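First the structure, in the form of structure tokens, and then the observations on it.
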Amino acid sequence: MSTENEGNTVPPAPSAPPVPVASPDVSPQGAAPEGNAQGAPRPPMPQENPAAPPAAPASDQPPTTHGAAPAGQGATPAGQGAAPAGPAPDGSWPPPPPATPSHSSYGSYGDGAAYGGGGPSYGGDAGGPGTGWGASWQQPAPKPRAGRGGLVAAVLVAALVAGGLGGGLGYTLAKDRDDRGSTTVSAPDSATQVKRAPGTIANVAAKALPSTVTIQAESSDGEGGTGTGFVFDTQGHIVTNNHVVAEAVDGGRLTATFPSGKKYDAEVVGHAQGYDVAVIKLKNAPSDLRPLALGDSDKVAVGDETIAIGAPFGLSNTVTTGIISAKDRPVASSDGSSSSKASYMSALQTDASINPGNSGGPLLDASGAVIGINSAIQSTGSGGFGSGQSGSIGLGFAIPINQAKYVAQQLIKTGKPVYAKIGASVSLEDSSDGAKITDQGTGGAAAVESGGPADKAGLKPGDVITKLDDHVIDSGPTLIGEIWTHEPGDKVTITYKRGGQEHTVDLTLGAREGDS
């Protein structure tokens, strides 16, 4: 599965959301003015003739049409102003139905996917003469009827009059009651003192938020974006995604802001592009840092509750919830740029809402322990906001914390990542049959490294690897992601096919240092 990273440029959040135009009120007296069209005259109510009741119209419904639907809504709240009000409705009877705004779709990376979309707008142009809300409807002239037809018409008029009388009495009684004072009921003080048990989302969020940061990364030429990170230890190390800090690696600037508003400059300690993990360190770190507890991602089960914390679209300290939707999901992700290399993971899948800006933030279990680093989202490919990036469609992916912990510790220790390897080049083409060892390696090198783990195990070009231990391998990226969940020196069992025959062999994983 190929996805995009979420976590590039994020437009600034608006100071206030757009205010929708109110829909016209419907009452027996006529259509109320809409939106900002204040003071519009109230149309007169159709008159009945008690002496000669009108006959029912030939059609049950008046011929009305609707104007254009409002523009769709996107997800990026950048620079939106109040939407203009639509034209005031005509005073015809009966009033038109209220307009329903349409919504645009959007979707992409956990923190670096393409994303965007405009805010919701309301209103819209009315149709041409006789087609919009302003088109009037004339009550047909009454036709004389004899016998029971006249009686039916009289009964209809009586029902209408009775309905108007009931509405008038109801309004009068409500008005009198309002004059006597408020009818609201206040809750006792004890009812507002809600007890939040340790397992509640509110309690978990309250404890975890002070240990998360919003990261601003800026390159030397002024470009950058927003992401998230969390406190890894008391020395001031913050764990996040590589694609969150990539802009600031070579001479850029990093800042980390806590929910309290305290901001610190930071520097990159190390970054692993293949794992999509990075570690930064706060300058002049405070002494009261509280690292988040790390869970065991191997023990996570499908259906477990999840809590994600991040800064989606720059909205810092946002908490969303969901469940673990799947485990060991093979994901190859990138930020979509031409220079970007893919990252591979055997991911935890969650339906907790993850959007651009969530990348690098913690995925917590119900106890508040970190089980993953939010990294990517599946996108529908339809952007909004005008920036080309998409938002959550309920398919988010997190790097398992057991893998991320190992990588972070290596980065803190040496500044460079260390990858497990089998010493063979495999095809990265989409496949469902397995990971095929290519005939030739990168840059003309041998496909099977001489003296490497695969060579010692007897693997050859053309072999198709179908399993690593008990995990099914359906493609090259799946194999890479699964290998990288291990550490160099781990022993694994490889199942492969050669000439239609299946074979099994054990091998010990080797090591490769750096991203080159």
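Taking region 293-324 as the range and being of a type in the set (A, V, I, L, M, F, W, C) and open to solvent by 20 Å² or more (accessible area, probe 1.4 Å) as the test, the residues that pass are A293, L294, A301, V302, L315, V319, I323.
So, in region 448-477, of the ones that are touching a residue at least 40 places away in the same chain (Cβ under 8 Å) and among the hydrophobic types (A, V, I, L, M, F, W, C), which residue ends up farthest from P488 (Cα to Cα)? Residue satisfying both the conditions and the ranking: L459.
The residues listed here are S260, S220; of these, the one that is out of contact with any strand residue (DSSP E or B) (no Cβ under 8 Å at 6 or more places or on another chain) and under 22 Å from I307 (Cα atoms) is S260. Of the residues that make up region 473-487, is at least one over 28 Å from I373 (Cβ atoms) and touching a strand residue (DSSP E or B) at 6+ places or on another chain (Cβ under 6 Å)? Within region 473-487, not a single residue is over 28 Å from I373 (Cβ atoms) and touching a strand residue (DSSP E or B) at 6+ places or on another chain (Cβ under 6 Å). Looking only at region 265-288, which residues are open to solvent by less than 30 Å² (accessible area, probe 1.4 Å) and under 30 Å from L479 (Cβ atoms)? Those that are open to solvent by less than 30 Å² (accessible area, probe 1.4 Å) and under 30 Å from L479 (Cβ atoms): G270, A272, G274, Y275, D276, V277, A278, V279. All told, S260 falls short of being open to solvent by 70 Å² or more (accessible area, probe 1.4 Å), of a type outside the set (F, W, Y) and more than 25 Å from the chain's Cα centre (by Cα).
For every residue, the table says whether it meets (1) touching a strand residue (DSSP E or B) at 6+ places or on another chain (Cβ under 7 Å); (2) part of a helix (DSSP H, G or I); (3) at pLDDT 95 or above.
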position: D176; (1), (2), (3): no, yes, no
position: T183; (1), (2), (3): no, no, no
position: S186; (1), (2), (3): no, no, no
position: A191; (1), (2), (3): no, yes, no
position: R196; (1), (2), (3): no, no, no
position: G199; (1), (2), (3): no, no, no
position: N203; (1), (2), (3): no, yes, no
position: P210; (1), (2), (3): no, yes, yes
position: T214; (1), (2), (3): yes, no, yes
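One residue alone among G500, G489, G481 is small (G, A, S) and surrounded by 14 or more Cβ atoms within 10 Å (Cβ to Cβ), and that residue is G481.
Do we have any residue at all in region 254-261 that's in a strand (DSSP E or B), in contact with a helix residue (DSSP H, G or I) (Cβ under 7 Å, 6 or more places away or on another chain) and either more than 19 Å from G396 (Cα to Cα) or small (G, A, S) (or both)? Yes: region 254-261 contains one or more residues that are in a strand (DSSP E or B), in contact with a helix residue (DSSP H, G or I) (Cβ under 7 Å, 6 or more places away or on another chain) and either more than 19 Å from G396 (Cα to Cα) or small (G, A, S) (or both). For region 370-403, a residue qualifies if it is open to solvent by less than 30 Å² (accessible area, probe 1.4 Å), over 18 Å from S325 (Cα atoms) and modelled with pLDDT of 80 or more, and exactly one does: Q403. Look through region 462-472, keep the residues that are more than 12 Å from V426 (Cα to Cα) and part of a loop (DSSP other than H, G, I, E, B), and return whichever of them is least open to solvent (accessible area, probe 1.4 Å). Only one residue fits best here, namely D469. For the criterion of being in contact with a strand residue (DSSP E or B) (Cβ under 7 Å, 6 or more places away or on another chain) and touching a residue at least 24 places away in the same chain (Cβ under 8 Å), L507 passes.
The values are calculated or read from the model by the stated rules, or taken from the named source; none is laboratory data. What you see is a predicted model, and the numbers here were worked out from it, not measured in a lab. So basically every Cβ, Gly included, is an ideal-geometry build from the backbone, and we count neighbours across all protein chains shown. Keep in mind that these areas ignore ligands, DNA and RNA; they rest on the heavy atoms of the full protein, side chains included. Shrake-Rupley method; radii C 1.70, N 1.55, O 1.52, S 1.80 Å.
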